[in-house]
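Encoded as structure tokens, the structure appears first; notes follow it.
The values are calculated or read from the model by the stated rules, or taken from the named source; none is laboratory data. Not measured: the values here are computed from a predicted model. Cβ sites come from the backbone with ideal geometry, for glycine too, and all protein chains shown count toward neighbours.
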Amino acid sequence: MEITDVKVIPVDDEKLKAFVSIVFDGDFVVTDIKIIHGPKGLFVSMPSKKRKDGTFKDIAHPLNNKMRQYLEEKVLAVYRQQVGAEREGSGGAGGGSQAPASEPPSNPPQQG
């Protein structure tokens with residue numbers, strides 16, 4: 001499974017830095033991903049739903065660390081590229097950017 005597109009919408013907030021949507025293999029989209037600035041720096045937060053008890057449960061998420069690392073690297077690379085371009089005054093209207101080429105994990109998660 002390969003990430004074929006990453007769209008980043010920057011947010012001007014202390015902790016929430018951007019909303020993200022990603023497309024897998026040009027066929028499947030995951031939205032409501034967030035880039036958060038935490039105590040250890042930036043991290044990717046997968047879409048989640050608040051339960052009745054106040055806890056949150058991920059709706060969609062990687063099944064293994066290799067896929068999580070691949071996803072996080074792609075998303076953060078596009079975010080940094082877009083934010084850097086906007087700071088230099090060459091950023092567009094906040095639209096998405098395609099992720100730089102990178103190899104998908106050698107053993108992507110399989111369901112079936």
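Things worth noting here:
- Taking every residue in segment 72-83 that is at positive phi and pairing it with any residue that is outside any helix (DSSP H, G or I), at least 6 positions away or on another chain, yields no pair with a Cβ-Cβ distance below 9 Å.
- Residues (in contact (Cβ under 8 Å) with a residue 40 or more places away in the chain and among the small types (Gly, Ala, Ser)) located in segment 1-44: 18, 21
- Some residue of segment 96-104 being at pLDDT below 90, farther than 20 Å from residue 1 by Cα and in contact with a helix residue (DSSP H, G or I) (Cβ under 9 Å, 6 or more places away or on another chain): yes
- Residues that are within 11 Å of the chain's Cα centre (by Cα) number at least 2 in the following strands (runs of 3 or more DSSP E) confined to segment 1-63: 3-10, 16-24, 28-38, 41-45.
- Of all residues in segment 45-67, those that are out of contact with any strand residue (DSSP E or B) (no Cβ under 6 Å at 6 or more places or on another chain) and touching a residue at least 12 places away in the same chain (Cβ under 8 Å) total 6.
- As a summary of the residue check, residue 21 satisfies the conditions (1) loosely packed, with under 15 Cβ neighbours inside 10 Å; (2) of a type in the set (S, T, N, Q); (3) modelled with pLDDT of 95 or more except for the one numbered (1).
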